[in-house]
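Q: If you scroll down you'll find the structure; I have some questions about it.
The values are calculated or read from the model by the stated rules, or taken from the named source; none is laboratory data. Keep in mind that this is a model prediction, so the values were computed, not measured. Every residue, glycine as well, gets a Cβ built from its backbone with ideal geometry; the counts of neighbours run over all protein chains shown. Ligands, DNA and RNA are stripped out before the accessible areas are found, and what is left, the full protein with its side chains, is counted by its heavy atoms. Shrake-Rupley method; radii C 1.70, N 1.55, O 1.52, S 1.80 Å.
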Amino acid sequence: IHSCCYLSRRLNQLSSHDPLWKRHCKKYWLISEEEKSQRNQSWKAIFISTYSDLGRYIRYYATLKKAWDDLEKYLGQRCPRMIGSLKESVREEDLDAVEAQIGCKLPDDYRCSFRIHNGQKLVVPGLMGSMALSNHYRSEDLLDIDTAAGGFQQRLGLKQCLPLTFCIHTGLSQYMALESVEGRNKYEIFYQCPDQMARNPSAIDMFITGTSYLEWFTSYVNKVVTGGYPIIRDQIFRYVHDKECVATTGDITVSVSTSFLPELSSVHPPHYFFTYRIRIEMSKDALPEKACQLDSRYWRITNAKGDVEEVQGPGVVGEFPIISPGRVYEYTSCTTFSTTSGYMEGYYTFHCLYYKDKFFNVTIPRFHMVCPTFKVSTARMVSGDAVVLSLDYSFFSLTLETNHNEYAVDEDEDSTDTDEYEDRRRVLDIPAPSGRCPRHT
């Protein structure tokens, strides 16, 4: 419209009709009435000036800006110190300089996000979520553009991959492939998983976490702001809760959330590590004499091949919690599968505190654990020949032995690390984790 306005007087009048530009300003740039008043410009002038700066991102800007705004609003009320770790936006010339430095083009949706926020300072907790299990702890920062560029990979196995996140505790990163090389799709986002059985150190399998930056970031934000991920002690914990995964027995309700841990998993050998968080709650309307204590638990664990293991033992994570009206008890535990999926179910045995000879079972609902889609490295060598494979969990299943272990999580220790690492620069080429929970060693 702006270009056509020079053709005729009528088009010129139309192009200056401010309500027309107001609609576009709100649709593409999310400009509010308050912001317009502060700028003291017409809607047309605001649109043109914004377009001259951000026009190449018009397909992505509104979606990413809304995601960032929603995230800031949500975390501002629940994790204010995390909001304080966000860095200001970068300039176009900064992004151009990074492209020149790494010799690869950055996707426009990635660039657009960094025009809004340049990642975060290197602090704990990380914006991209945490996980705590026994003495294993992870907290992922969203890297700023300079640190990401410093960790750009050219080595075999991660060729032309840019780190998006980093955890100082585990050395864990999520990478984005900037080119379609080594069996990866361009702009695919993944966790690396070194093949522990390959002689070739460049044999790196991938757990896929996104097909583009826009999809990866906005889907994560949606999980956070809709309460899909719990906030525990000012941190985002990446447990996924299935709303149907709830069982009520009398006055006691048991619900389960689960999470896959890529840093403790491997494709070769097949070892898929899952953690789950169980919430046991007694209704606040229950009678006081319904108070009870957990004595034991029973698990029935089934892998993707239908092999069943049964586990029975005293207490949970070494504790025998007392449940009374309105009280909630939560604990975290884990299991490993040699198949890419499996499920668990069972029951707890309680005894009444007022009638100590009275015992009863409380159902634990069946909950499923599924490994993300993954790709097998193109560099794996079998009898001297490269094997090129791309596998999806729904078509792949290996059966060995299913292991099950329970661990306590001391949140006071694992969830309150506030050390700042803003000035600490590091090379993101750290040896991969062992692929096993530390308690297994």
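Q: Go through segment 93-108 residue by residue and turn each phi into a ³J(HN,Hα) via Karplus (6.51, -1.76, 1.60, θ = phi - 60°); whole Hz please, and just put x for glycine and proline.
A: 5, 5, 5, 4, 5, 5, 4, 5, 5, 8, x, 9, 7, 8, x, 4
Q: Now a separate question. Could you give me the ³J(HN,Hα) list for segment 194-200, computed from phi with Karplus coefficients 6.51, -1.76, 1.60 and θ = phi - 60°, whole Hz, x at Gly and Pro?
A: x, 6, 6, 9, 8, 6, 7
Q: Largest first and in whole Å, what are the equivalent-ellipsoid semi-axes of segment 9-57 based on the Cα gyration tensor, each being the root of 5 times an eigenvalue?
A: 18, 14, 9
Q: Calculate what fraction, in whole %, of the accessible area of segment 239-383 sits on carbon and sulfur atoms when a 1.4 Å probe is rolled over the protein chains.
A: 49
Q: Which three numbers, in whole Å and largest first, are the semi-axes of the equivalent ellipsoid of segment 177-316 derived from its Cα gyration tensor as √(5λ)?
A: Three semi-axes, in Å: 38, 22, 11.
Q: Another one. Gain in length, Q312 to S32, computed as 0.36 nm per residue apart minus the alpha-carbon separation, to one decimal in nm?
A: Once the chain is fully extended between Q312 and S32, it gains 94.9 nm.
Q: Compute the length gained on full extension between L156 and H351: take 0.36 nm times their separation in residues and subtract their Cα-Cα distance, giving the result in nm to one decimal.
A: That pair, L156 and H351, stretches by 64.4 nm at full extension.
Q: Taking every pair of alpha-carbon atoms in segment 245-310, what share in percent sits in each 10 Å bin, from 0 to the bin with the longest distance?
A: Percent of Cα pairs in each bin: 15, 35, 29, 15, 5, 0.
Q: Ratio of alpha-carbon Rg to the 2.2 N^0.38 Å globular estimate for segment 76-206, to two decimals, please.
A: 1.11
Q: If r is the Cβ-Cβ distance from S52 to T363 and R0 is 60 Å, what FRET efficiency results, to the nearest 0.05?
A: After rounding to 0.05, the efficiency reads 0.45.
Q: Assuming R0 = 60 Å, what is the FRET efficiency of N200 and Q293, from their Cβ-Cβ distance, to the nearest 0.05?
A: Efficiency at R0 = 60 Å is approximately 0.65.
Q: At 1.4 Å probe radius, can you tell me the per residue accessible area of segment 239-383 in Å²?
A: Heavy-atom accessible area per residue stands at 42 Å².
Q: Using the beta-carbon distance between D69 and R327 and R0 = 41 Å, what value does 1/(1 + (r/R0)^6) give for FRET efficiency, to the nearest 0.05?
A: So the FRET efficiency works out to roughly 0.65.
Q: Turning to a different aspect of this structure: What dipole magnitude, in Debye to the nearest 20, does segment 61-226 give about its Cα centre under +1 on Lys/Arg Cβ and -1 on Asp/Glu Cβ?
A: With only Lys, Arg, Asp and Glu charged at Cβ, the dipole is about 400 debye.
Q: Follow-up. For S42 and F320 in one chain, what is 0.36 nm times their gap in residues minus the Cα-Cα distance, to one decimal in nm?
A: Using 0.36 nm per residue and subtracting the Cα-Cα distance, I get 93.4 nm.
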